[in-house]
1. So if I restrict to the alpha-carbon atoms in region B:21-63, what is the Rg, and what is Dmax, the biggest pairwise distance, in Å?
2. What does region A:3-106 give for Rg and for Dmax, in Å, if only its C-alpha atoms count?
3. When only C-alpha pairs under 8 Å and at least 6 residues apart count, what is the relative contact order of region B:3-106, in percent?
4. Any of A:Lys2/B:Lys2; B:Lys28/B:Lys54; A:Lys78/B:Lys28 with alpha carbons more than 24 Å apart? Name them for me.
5. Quick one: if you stick a label point 7 Å off each Cα along the C-beta vector at B:Gln27 and A:Ser58, how many nm between them?
6. Sort the following peptides by mean Cβ neighbour count (other Cβ atoms within 10 Å, averaged over residues), highest first: A:42-51, A:13-22.
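Read-outs: derived from the displayed coordinates by stated rules, not from any lab. Everything numeric here is computed off the predicted structure, so don't read it as measured data. As a convention, Cβ positions derive from the backbone with ideal geometry for all residues, glycine included, and neighbour counts pool all protein chains shown.
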There are 2 protein chains.
Amino acid sequence: MKIDAAVSLLGALAQGSRLALFRLLVQKGPDGMAAGDIAERLGVAPNTLSFHLKELSSVGLLKSRQEGRFIYYAPDFKVMNSLLAYLTENCCAESTTATECSTPASCKEC
Amino acid sequence: MKIDAAVSLLGALAQGSRLALFRLLVQKGPDGMAAGDIAERLGVAPNTLSFHLKELSSVGLLKSRQEGRFIYYAPDFKVMNSLLAYLTENCCAESTTATECSTPASCKEC
DNA sequence: TTCATATTTCAATAATTATCGAATTAAAGT
DNA sequence: ACTTTAATTCGATAATTATTGAAATATGAA
């Protein structure tokens, strides 16, 4: 991943409503959640939510599918993982000083 | 970590010059680098760099120490790790769907 | 003390981003 | 066809953020 892509992804997540939104959808899983339900759950106006959904979708963090009048949004996990990979590789000290960067939580089971 | 802290950390990294700056310092290691050298290396004006250093420092991503006229900046790895931990725990699907979130790059050696 | 260097601070400006209300599109039910 | 519901788009406004030039602080050297 190039640095510009990482900046875009970080920027998409660097906002309270959007991070809450993404967390919610991760929790909800691959089936996703309809826009209206998300708006209600997060307590944001439908048009404001639409703006944030677009923001996250445009960087690839969300996928959507239409079902009748409803549009379901779900996380694209591989994009999130590529960001995590970028950050661990480029912004952790593993490459230079093995001990500086402690094992991330996801490696607990190792 | 609370969501607000995560948003602040993400926001601090969600900017081209700052992400490049943080990467550079991670590469440079715990001894850090003087502000002037960083500015020259990144090709940004000293006062602009100062602004970005402050931004990163204020969220805890950078530590600094003064040596004579020079101020050396270095990453605070544990803060970065706590962000990575937050993201893997809250924004990856491991908790719900074990397979959705692939093993991050940092776990290669496991 | 005086001068040069390293860095930060300040004020102004430009650019980007978030929120709101109103209007619009589009699908489904009557 | 008409109405309701789901969601987005648009335009305006407010708020935040980045960049620049000039001035200030502070350390070390002559």
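1. Just the Cα atoms of region B:21-63 yield Rg and Dmax of 9.6, 24 Å.
2. 15.6, 53
3. That works out to 26 percent.
4. Beyond 24 Å: A:Lys2/B:Lys2; A:Lys78/B:Lys28.
5. 3.0
6. A:13-22, A:42-51
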